[in-house]
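The values are calculated or read from the model by the stated rules, or taken from the named source; none is laboratory data. No experiment lies behind these values; they were computed from the predicted model shown. Please note: Cβ atoms are built from the backbone with ideal geometry, for glycine as well, and neighbour counts cover all protein chains shown.
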Amino acid sequence: MAWTRKILRVDLSKGTCKAEPLNMEWAQLYLGQRGLATKYFVSEVDPKVDPLSPANKLIMTTGPLTGTPASTGGRYSVVTKGALTGAIACSNSGGYFGAELKFAGWDMIIFEGKSPKPVYLWIENDKAELRDAAHLWGKTTWQTEETIKKAHQDPQIRISSIGRAGENGVLYACVVNDLHRAAGRSGVGTVMGSKNLKAVAVRGTLGVGNLKDPKAFMAAAAAGKKVLAGNAVTGQGLPTYGTQVLMNVINEMGALPTRNHRDVQFEDARKISAEAMREKRPTDGKTHLVANSACFGCTIACGRISKIDETHFSVVNKPEYWGANGGLEYEAAWALGAANGVGDLEALQYANLICNEDGFDPISFGATVGAAMELFELGIIKKEQIGMDAPFGSAKALCELARMTAVGEGFGKELGMGSARLCAKYGKPELSMSVKGQEFPAYDSRGIQGMGLTYATSNRGACHLRSYTVASEVLGIPVKTDPLVTEGKADLVKAFQDATAVFDSAGICIFTSFAWSLADVQPQLDAACEGNWTMEKLGEVGERIWNMERQFNLAAGFTAKDDDLPPRLKTEPAKTGPAKGLVNGIDKMRPEYYKTRGWDAQGVPSKETLKRLGL
Amino acid sequence: MRITFKLFAMLQDYLPAEGRQNNALPLDLQDGTTILQVIERFGVPLKSCHLVLIDGNFVPPSERNTRALKEGETLAIWPPIAGG
């Protein structure tokens with residue numbers, strides 16, 4: 001077994017911390033992390049619960065490979081009912097926090113209730129206690145980490161915390177760990193803030209020694225690392241250029257959502273690309289990118305560490321932003337850039353730093369700014385309401401709005417609602433580029449058809465990390481499919497969704513899937529985990545998790561009508577590029593997908609499907 | 001015939017200096033010049049030419065030695081890369 005077999009239940013209302021045995025029967029059915037924590041969540045929480053009420057729960061969870069020598073085995077997730085979406089939420093993060101939690105001897109932490117005052121959870125191996133966080137409330141995630149480490153006189157403590165965005169009710173607030181890694185989407189940080197839980201600080205020294213067959217596991221882990229190192233994507237492409245190398249690819253393909261999806265190609269895409277990150281700036285002769293970085297146990301190292309231009313308007317007289325820091329990654333660069341028509345790399349990095357520092361999702365924030373800029377250009381929101389001119393392309397507006405959103409000032413309060421609520425408030429709900437209230441990531445589904453079905457059916461709202469068909473439709477991984485057609489996409493999306501659920505439940509990073517198939521993960525899991533972990537069993541686990549999440553959302557009130565795209569993507573054809581003249585074919589793909597899933601015409605899993613999966 | 005030739009990521013070093021700044025180079029070619037001939041002219045390792053697009057449309061490996069370029073087209077090539 002690679003589970004510690006122990007969970008920590010924290011009652012924030014009563015201020016108690018209690019250890020419980022892990023349900024090993026469930027572990028055999030749901031593996032760990034996303035799957036197992038969601039099983040706990042749906043078993044304990046009313047699907048109709050108000051996400052911000054004390055009756056909602058929040059689970060921080062590791063997988064069986066978290067903390068082991070498996071490559072990328074440092075992942076952890078935050079599971080709750082999302083504040084932004086009202087749907088099941090599971091946000092996954094790297095860094096070092098997950099492994100540290102495992103080293104302290106815990107598979108997961110279940111938070112319930114609401115603390116009467118701000119607290120943080122301090123875990124030192126078996127010892128767990130709630131401590132006063134009055135002095136931390138109002139601080140950024142960066143200040144919180146520093147303050148806690150100083151207070152405990154231990155720089156090796158790992159911390160997950162919320163910033164001021166999570167305190168102020170920004171509906172897409174993150175939980176940030178290790179300064180610039182985040183459980184980023186769906187507002188999991190907002191739920192944490194609603195519970196007056198500022199941070200979780202962990203020091204673990206127990207290691208992970210409980211593998212089923214250590215010798216076989218080390219051999220399987222080494223074989224997996226060899227595959228990653230030998231693969232041109234994970235061995236060279238990602239460490240050298242990072243995720244942002246996609247900017248020019250997706251733009252060239254005419255699938256880069258631009259100016260709130262008005263356009264599919266951005267004239268300044270190259271200025272905010274991975275290639276631009278490596279070029280010397282005319283102002284100071286330095287490159288934006290200074291190094292790549294890796295999370296715990298990772299042998300890919302896709303992370304970007306950059307230094308902002310100290311002379312840029314956004315950071316003049318702000319030396320706290322001048323040091324080496326996290327970013328930019330593709331999604332943030334797109335959401336803060338192309339989505340708003342902003343082609344100023346330094347401005348994007350500044351806004352990205354604010355998102356990290358105060359803990360809010362740059363995808364939802366950037367896309368919400370895009371919606372606000374469209375409302376401004378249509379004359380629906382005036383300069384006086386925003387406090388400035390905010391046309392598409394305004395780097396100054398982007399930077400100032402990031403600051404205002406972080407601290408809940410003026411129009412920043414409205415941006416903190418997310419695009420769906422913002423656009424509805426101003427009578428233009430159709431201008432929110434979102435599904436189930438969550439904003440799209442960086443792929444236009446008119447140019448990559450499978451991503452339309454991915455977004456529409458994602459259990460946590462629009463998201464690329466539930467079924468990354470871009471791998472197949474654009475990059476040819478594992479096989480190349482045509483991005484401009486709908487045929488075959490129902491099967492493709494289902495296959496990606498089920499496999500991703502397994503990766504997300506194992507404790508490893510989904511980026512391994514650029515080189516690994518489930519067949520590479522299976523021997524590692526089977527050697528680490530008690531039980532017989534065959535390919536067939538893993539396939540069932542993935543499908544079971546997907547249907548379990550679906551059942552929760554249906555019980556929460558979602559219907560087939562919520563498995564849809566905004567009208568812009570269904571009625572306004574792409575203006576340029578290979579997809580010129582195309583809209584997304586979601587209405588054709590959706591019924592095929594339901595059938596492939598074994599669901600009825602309303603998207604409800606049939607009795608046979610549920611029985612087959614043991615649900 | 002004039003086309004635009006683009007190389008990205010690790011492949012951009014195969015462009016002459018004037019093309020590296022924008023990852024793009026205007027290129028005059030004889031009619032009938034194929035993708036493969038352009039790749040060989042710039043000494044780009046064939047095995048590194050993973051993603052080959054003409055005007056944003058994917059050209060499979062089997063067609064790269066026969067597909068002739070046309071006036072005004074953009075040929076763009078990437079090594080194996082990914083993101084997310």
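Here are a few things to note about the model shown:
- Any hit, region B:17-28, residues being within 25 Å of A:Ala269 (Cα to Cα), touching a helix residue (DSSP H, G or I) at 6+ places or on another chain (Cβ under 9 Å) and loosely packed, with under 11 Cβ neighbours inside 10 Å: yes
- Single residue of region A:438-459 satisfying the filter (more than 15 Å from the chain's Cα centre (by Cα) and more than 13 Å from every other protein chain (Cβ to nearest Cβ)) that is surrounded by the fewest Cβ atoms within 10 Å (Cβ to Cβ): A:Ala456
- Candidates A:Ala519, A:Ala490 - the one that is closer than 19 Å to A:Leu228 by Cβ, surrounded by fewer than 24 Cβ atoms within 10 Å (Cβ to Cβ) and either out of contact with any Cys (no Cβ under 6 Å at 6 or more places or on another chain) or at pLDDT 95 or above (or both): A:Ala519
- Exactly one residue among A:Ala462, A:Ala471 is in a loop (DSSP other than H, G, I, E, B) and either touching a helix residue (DSSP H, G or I) at 6+ places or on another chain (Cβ under 8 Å) or more than 14 Å from chain B (Cβ to nearest Cβ) (or both), and that residue is A:Ala462.
- Elements of type helices (runs of 4 or more DSSP H) in region A:525-615, at least 2 residues being touching a strand residue (DSSP E or B) at 6+ places or on another chain (Cβ under 9 Å) and in contact (Cβ under 8 Å) with a residue 24 or more places away in the chain: A:535-556, A:586-597, A:607-613
- For A:Lys580, the requirement of being basic (Lys, Arg), within 14 Å of another protein chain (Cβ to nearest Cβ) and farther than 29 Å from A:Trp26 by Cα is met.
Every residue, every condition in (1) under 20 Å from B:Ala24 (Cβ atoms); (2) crowded, with 24+ Cβ neighbours inside 10 Å; (3) touching a Pro at 6+ places or on another chain (Cβ under 9 Å), yes or no:
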{"position": "A:Thr258", "(1), (2), (3)": "yes, yes, no"}
{"position": "A:Glu267", "(1), (2), (3)": "yes, no, no"}
{"position": "A:Glu310", "(1), (2), (3)": "no, no, yes"}
{"position": "A:Phe313", "(1), (2), (3)": "no, no, no"}
{"position": "A:Ala335", "(1), (2), (3)": "no, yes, yes"}
{"position": "A:Leu353", "(1), (2), (3)": "no, yes, no"}
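- Residue match in region A:540-560 (condition: under 30 Å from A:Met218 (Cβ atoms), of a type in the set (Ser, Thr, Tyr) and more than 14 Å from every other protein chain (Cβ to nearest Cβ)): no
- You will find that of A:Val502, A:Val435, A:Val493, A:Val479, the residue that is touching a residue at least 60 places away in the same chain (Cβ under 8 Å), more than 21 Å from A:Ala182 (Cα to Cα) and not assigned by TED's automatic domain parsing to the domain that holds A:Phe376 is A:Val493 and no other.
- Of everything in region A:503-516 that is assigned to a helix (DSSP H, G or I) and of a type outside the set (D, E, K, R), the residue that is surrounded by the fewest Cβ atoms within 10 Å (Cβ to Cβ) is A:Ile510.
- Residue match in region A:269-283 (condition: within 16 Å of A:Ala579 (Cβ to Cβ) and either in a strand (DSSP E or B) or not assigned by TED's automatic domain parsing to the domain that holds A:Asn340 (or both)): no
- Failed condition for A:Ala490, given (1) more than 10 Å from chain B (Cβ to nearest Cβ); (2) within 26 Å of A:Thr299 (Cβ to Cβ); (3) part of a helix (DSSP H, G or I): (2)
- Among (1) outside any helix (DSSP H, G or I); (2) within 14 Å of another protein chain (Cβ to nearest Cβ); (3) in contact with a Phe, Trp or Tyr (Cβ under 8 Å, 6 or more places away or on another chain), the one test that A:Thr500 misses: (1)
- The residues on offer are A:Gln497, A:Gln602, and the sole one that is of a type outside the set (Val, Ile, Thr) and over 30 Å from A:Phe266 (Cα atoms) is A:Gln602.
- A:Asn177 meets each of the listed conditions (1) within 14 Å of chain B (Cβ to nearest Cβ); (2) in contact with a helix residue (DSSP H, G or I) (Cβ under 9 Å, 6 or more places away or on another chain) apart from (1).
- Candidates A:Ala347, A:Ala367, A:Ala339, A:Ala372, filtered to the one that is in contact with a Leu (Cβ under 7 Å, 6 or more places away or on another chain), within 19 Å of A:Ser273 (Cα to Cα) and crowded, with 24+ Cβ neighbours inside 10 Å: A:Ala347
- Where A:Val521 falls short, out of the listed (1) assigned to a helix (DSSP H, G or I); (2) under 30 Å from A:Lys48 (Cα atoms): (2)
- Boolean, A:Gln236 is part of a helix (DSSP H, G or I), buried (at least 24 other Cβ atoms within 10 Å of the Cβ) and within 14 Å of chain B (Cβ to nearest Cβ): no
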